[in-house]
Structure formats: structure tokens, C-alpha cells
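Step one of this worksheet: look at the structure below.
Any read-out appearing in this document is the output of simple, stated calculations on the displayed coordinates, not a laboratory observation. Predicted, not measured: the structure shown is a model, and the values here were computed from it. Neighbour counts are summed over all protein chains in view; Cβ atoms, including those assigned to glycine, are modelled from backbone coordinates with ideal geometry.
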């Protein structure tokens with residue numbers, strides 16, 4: 001059986017959908033599994049032993065219909081038996097339609113359902129602590145006679161050399177792995193998924209107050225350096241002394257290797273949180289007020305992995321409001337999501353880590 005799984009969009013989406021490969025290989029060990037993803041998301045599935053081949057959806061395919069149709073033809077010639085289209089986007093609809101696969105699976109949309117042999121509708125209430133992002137993806141495997149109740153966790157596979165090199169890098173920059181080491185997701189993927197800078201600074205202050213000798217790393221990429229510096233300057237002077245600002249992952253694989261040595265990742269919900277979970281690193285997640293927590297609080301157990309949402313504290317704000325309406329109000333909602341609503345839970349969470 002030859003299968004193509006299509007997952008466009010962001011890193012967190014690609015990582016979440018990678019569970020499908022392990023589940024299929026467990027049932028059909030001789031299957032050949034290909035993953036169609038955007039080029040920039042590859043590092044989170046690099047080295048994944050359940051994926052036999054990666055096909056890349058490039059910016060050229062996004063910009064040019066001609067390039068897209070040429071690519072669809074190339075994929076058609078792969079003679080896939082099964083197509084699993086996770087998000088059913090226009091480009092993936094075209095690829096699925098052009099494919100000769102007899103089994104084509106995707107989420108239900110009334111205007112594209114004719115393309116697929118099997119469709120499903122998203123559940124709205126999670127049955128397990130895996131969360132809806134995982135449970136809804138598992139539904140895609142029902143037509144393959146796979147037991148979807150056997151939840152698979154996303155995993156990231158680092159090499160020993162990557163982890164060793166990261167350890168050397170930390171030690172060369174005077175970090176001590178016997179002391180608490182926290183990676184902070186200081187920035188989200190956009191302003192409407194980023195906890196306000198001044199509030200984030202107070203969260204970091206709280207960590208240092210609880211663990212005075214803790215070592216703090218910021219997760220940011222070079223183009224975000226000015227925003228990261230702004231948060232750094234808003235922290236208390238004693239906190240600033242504990243932040244190793246220039247120690248950061250210069251590539252996504254570098255970030256992953258550094259995170260693998262941390263005690264926890266704390267910060268904005270998004271790809272970094274999901275990657276930490278896939279590395280089996282504890283997480284404390286601050287959700288954007290408009291994001292559905294039930295979908296992306298994957299494997300929260302209020303111990304190793306916990307999260308907080310404005311809705312947890314002020315549910316009345318959400319009565320009668322749609323996600324679209326809440327997204328438009330994200331700035332005002334963030335202003336209401338003050339550090340005082342978060343720090344009590346954060347302090348309890350931090351008690352599990354080794355004392356300074």
C-alpha cells in the first residue's frame with residue numbers, strides 16, 4: 001500500500017499530522033508512506049523513521065497554477081493507493097482530484113466532498129487529553145481499518161550528535177545543566193498570538209522569583225530580535241541577569257536540540273510548545289484568548305503539561321461569541337489576560353522542578 005499524506009500550513013500542523021505515519025506503519029508495516037509538506041516545516045519530521053519519503057510543496061506551487069498542475073501530474077505518476085488530505089485546501093484538492101488513488105480521505109466540505117471517497121466531520125468535544133487536534137486527525141485513518149482509539153503522540157527525532165553539540169554549546173556559554181533551565185516562547189507566530197510584551201516580562205520575572213538561580217533562554221529567530229530585546233528590557237534587572245539572550249537556536253534543528261536539554265518550555269501557544277511536547281519536555285502554555293484551547297492543549301495533564309486560557313478565568317466573556325468575533329477582539333482580550341491571572345498556576349507548576 002502506497003500512501004500520500006498532505007499537510008500544508010504551519011510547523012505545529014505538520015508535527016501533529018505526523019502521528020498518522022506511526023499509526024499506519026503499526027498496522028501496515030510494509031506500506032510506503034510519503035508526506036507532502038511545505039519546505040520550511042521539514043525540520044520537525046527530519047529523521048522520522050515512519051516516513052519513507054518527503055514531497056515538498058514550494059512557494060512556486062503557491063504562486064503559479066501552472067507549476068501546481070505540473071506538480072500534481074508528477075504526484076499522479078507516483079500511483080498512490082491512498083491519499084489523505086488533512087486540511088482540504090484548494091491546492092491539495094487539485095492534487096487529490098488529479099491522483100489515481102482509489103481511496104481519498106479528507107475532512108468534509110460540501111463543495112469538495114465529491115473529490116474524496118471518504119470524508120469526516122470534526123468532533124467538537126475531546127474524548128481524551130490528546131485534544132481535538134489529535135483525535136480529529138485519527139479519524140482520517142478509519143477507512144484504513146485502523147483502531148483510532150489507540151492514540152499516537154507526535155515525536156521528534158534528534159540525533160545523538162545534535163544533542164551532544166547542543167550540550168557543548170550551552171556549556172561553552174556558561175550554562176549549567178544541573179541548575180533549572182527554562183526555554184521561554186516569548187513570541188507567537190503573529191501579534192494576535194503573542195502575549196503582550198510587558199505581561200510576558202512579568203511572567204519571566206515570576207519564574208526567576210520562584211527559582212532565583214534559574215537560567216532563561218529565549219526562543220526567537222534573528223528577524224524577531226528587536227521584539228525579543230523589547231521583552232528583555234521590560235524584565236526586572238535581577239531577571240535580566242538570568243537571561244542568556246544570545247544563546248538561541250540559529251536554525252529550527254538547533255532550537256530543538258537546545259530545548260531537549262531544558263527543564264520546561266514556558267510561553268505562547270504555538271509550534272514551539274508542540275515541538276517541546278514531541279521532545280517529551282514539560283510545557284506551560286499561555287493560550288491566545290481567541291484560540292480554541294480544546295483543540296491544541298494536546299496531552300495536558302496539569303502536571304508535566306498544563307495550560308491556561310482567559311476563558312478559564314473569565315468564561316462569561318465568551319458567552320454567545322464566535323471564534324471569528326473573538327479573533328477581532330484579540331488585543332482587548334489580551335489586555336484583560338493579566339499576569340495576575342496566570343502566576344498562581346505558574347507558581348504551582350514550577351514547584352515540580354529541581355530547586356535552585
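Sorted ascending by nearby beta carbons within 10 Å, beginning with the fewest, 125, 94 become 125, 94.
Normalised by residue count, segment 160-350 yields a Cα convex hull volume of 113 Å³ per residue. Cβ-Cβ distance of residue 322 and residue 149, R₀ of 35 Å, FRET efficiency by 1/(1 + (r/R0)^6): the value works out to about 0.70.
Kirkwood hydrodynamic radius of segment 2-144, from the reciprocal of the average inverse Cα-Cα distance over all distinct pairs: 15.3 Å.
For segment 42-109, the square roots a ≥ b ≥ c of the C-alpha gyration tensor eigenvalues yield an a/c under 1.5, which makes the shape rounded. Residues 205, 30, ranked from the fewest to the most other C-beta atoms within 10 Å, line up as 30, 205. Going from the fewest other Cβ atoms within 10 Å to the most, the residues 174, 261 appear in the order 174, 261.
If both residues of a DSSP beta bridge must be in segment 197-356, then about 0% of such bridges are antiparallel. For segment 275-356, the relative contact order is 31 percent, taking Cα pairs closer than 8 Å that sit 6 or more residues apart in sequence and dividing their mean separation by the residue count. Relative contact order of the chain: 16 percent, from C-alpha pairs under 8 Å at least 6 residues apart in sequence. Measuring nothing but how far apart in sequence close Cα pairs (under 8 Å, 6+ apart) lie, relative to its length, segment 160-350 scores a relative contact order of 23 percent.
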